[in-house]
Amino acid sequence: MQLKIISFTFPCCFDQSMGRKIPPVNTDGVINSSSARLKAERTRLGLSQVALGQALGVTKWTIINYERTGGRGTPIPADLLSACSRLGMDVQYIVTGVSSSNLNRVAEETGSYRVEPKRPPALSPDEHRLLEKYRRLKPPQRAQAQTIVAALVPAEGKTAKKPAARPRRKR
């Protein structure tokens, strides 16, 4: 008997010694596809498809294909499942639909591999006040404010020119 672990096709197995079918582990109220369980684990960790793709060394579109439901998705390779476990995902749950009893221990051992979602830096109080005032402006006033700021801050990649030094007077 051969099980395809990589493609996660476990609709049921046939026990040849007993001559009967063994039902799948996950039945009532459980997410039935490994692709949906992968998505559930990704969202549980607060990762976007882009962040997960970067952590696994694949593109966002590859993650989208892994998460595609209805049998249309791409099977998840075993080496990527190993990387998923280092990120703190419950790989046993992804594969079988049954949560791992030692997930906390695995998370502790692999904590250094976790990917933290990138958050934008917090605004300082001055930036917050400026942004609040900017949001209250009407569109023509916003255009003027943008022009003023553009004049004050040099364009990216260009360095501001220093004013020419005044010639010194001879004494």
Are there any helices (runs of 4 or more DSSP H) wholly within the stretch 66-171 with 1 or more residues that are modelled with pLDDT under 80, under 23 Å from the mean Cα position of the chain (by Cα) and exposed (fewer than 13 other Cβ atoms within 10 Å of the Cβ), and if so which?
103-109
Mind listing just one residue for me: the one in the stretch 43-53 that is free of Cβ contacts under 8 Å to residues at least 40 places away in the same chain and more than 24 Å from N32 (Cβ to Cβ) and, of those, surrounded by the most Cβ atoms within 10 Å (Cβ to Cβ)?
G53
Go through (1) in contact (Cβ under 8 Å) with a residue 60 or more places away in the chain; (2) in contact with a Ser or Thr (Cβ under 6 Å, 6 or more places away or on another chain) one by one and return the number of the condition I76 breaks.
(2)
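The values are calculated or read from the model by the stated rules, or taken from the named source; none is laboratory data. If you're wondering where the values come from, they're calculated on a predicted model, not measured in any experiment. No Cβ is skipped: glycine too gets one built from the backbone with ideal geometry, and neighbour counts run over all protein chains shown.
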